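A.B. asks: What follows is a single structure, and I will ask about it in a moment.
The values are calculated or read from the model by the stated rules, or taken from the named source; none is laboratory data. These figures come from a predicted structure and were not determined experimentally. With ideal geometry, Cβ positions are generated from the backbone for all residues, glycine too; neighbour counts draw on all protein chains shown.
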Amino acid sequence: MTNPLAEIFGFPADNFSPEAERYRRLRLCPYNNRVANCTKDKANDPLGVCSVFDSSGQPAITCPIRFRQDWLIAENAASFFFPAGTTWTSLTEVRLDTQTGESAGNIDLVLVAYDDRGRVTDFGGLEVQAVYVSGNIRRPFEYYLSDPANRYNMDWRHEINYPRPDYLSSSRKRLAPQLIYKGGILHHWGKNRPLPSTGAFLTPCLK
């Protein structure tokens, strides 16, 4: 790909619909962020790149919020954790404590099953990991955003630090240690099913 940017504020670089232009102008996030705006990297100057293209031309998700589209991630996780017909809800960024009460970090998404009286009957945790990027993603992002109509097909291949997905670092340096550490705590609680993860290897459906 000549343009490394797959999605900007939720839309492909070549999408100039009124909705896409509105999201770019207002720096909005369409994927259920905590607030209406994108807050990636800097709240006052967000890096609104949801996904980048890999060497095969497939988009790779670079923002964990991107996985929340239509809450399919929660629906799929619930079908993994619970029997069909279970009533459940989801919570994000749930603090996980060690036996001594110290924080072991947050679980990205917790699915909670409950009965007809509202009593919790089961739960499952999900660790979410977007792909790391090697190179510089902000430079092409800012270059594109200054004139989208004329730069959506820009050729960035010869620029310094062309951004590429770094699948190895994402999985080995970040995801695997998180699963081992947090999964060990859940195992101690008797939650013997594996802590599933959405990895950098899932690709979005571009609008």
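A.B. asks: Can you tell me how many residues within region 77-110 are among the polar types (S, T, N, Q), surrounded by 11 or more Cβ atoms within 10 Å (Cβ to Cβ), at pLDDT below 85 and part of a strand (DSSP E or B)?
C.D. replies: 1
A.B. asks: Next up: Return the residues of region 1-22 that are of a type in the set (F, W, Y) and either surrounded by fewer than 20 Cβ atoms within 10 Å (Cβ to Cβ) or at pLDDT below 95 (or both); say none if nothing qualifies.
C.D. replies: Selection gives F16 alone.
A.B. asks: Here is a follow-up. Out of all the residues in region 118-128, which are farther than 17 Å from R95 by Cα and either crowded, with 21+ Cβ neighbours inside 10 Å or touching an Asp or Glu at 6+ places or on another chain (Cβ under 8 Å) (or both)?
C.D. replies: T121, the sole residue that qualifies.
A.B. asks: Still on this structure: Return the residues of region 141-191 that are touching a helix residue (DSSP H, G or I) at 6+ places or on another chain (Cβ under 9 Å) and assigned to a helix (DSSP H, G or I); say none if nothing qualifies.
C.D. replies: Scanning region 141-191 gives Y143, Y144, L145, P148, R151.
A.B. asks: Of the residues that sit in region 30-76 and are among the aromatic types (F, W, Y) and more than 10 Å from the chain's Cα centre (by Cα), which one is surrounded by the most Cβ atoms within 10 Å (Cβ to Cβ)?
C.D. replies: Among those that are among the aromatic types (F, W, Y) and more than 10 Å from the chain's Cα centre (by Cα), it is F53.
A.B. asks: Also, I was wondering about something else. Can you find a residue in region 69-76 that is without any contact (Cβ under 8 Å) to a residue 12 or more places away in the chain and either in contact with a Lys or Arg (Cβ under 9 Å, 6 or more places away or on another chain) or of a type in the set (A, V, I, L, M, F, W, C) (or both)?
C.D. replies: yes
A.B. asks: Regarding A113, is this residue at pLDDT 85 or above and either surrounded by 19 or more Cβ atoms within 10 Å (Cβ to Cβ) or more than 23 Å from R68 (Cα to Cα) (or both)?
C.D. replies: no
A.B. asks: I'd like to know if region 26-43 contains one or more residues that are within 19 Å of E93 (Cα to Cα), modelled with pLDDT of 95 or more, outside any loop (DSSP other than H, G, I, E, B) and not small (G, A, S).
C.D. replies: Scanning region 26-43, I find at least one residue that is within 19 Å of E93 (Cα to Cα), modelled with pLDDT of 95 or more, outside any loop (DSSP other than H, G, I, E, B) and not small (G, A, S), so the answer is yes.
A.B. asks: Do we find that N136 is under 28 Å from K40 (Cβ atoms) and part of a loop (DSSP other than H, G, I, E, B) in this structure?
C.D. replies: So N136 passes the test.
A.B. asks: For region 97-147, give me the residue count where each residue is within 20 Å of the chain's Cα centre (by Cα) and among the aliphatic types (A, V, I, L, M).
C.D. replies: 10
A.B. asks: Among residues belonging to region 139-168 that are surrounded by 15 or more Cβ atoms within 10 Å (Cβ to Cβ) and charged (D, E, K, R), point out the one that is farthest from P18 (Cα to Cα).
C.D. replies: D166
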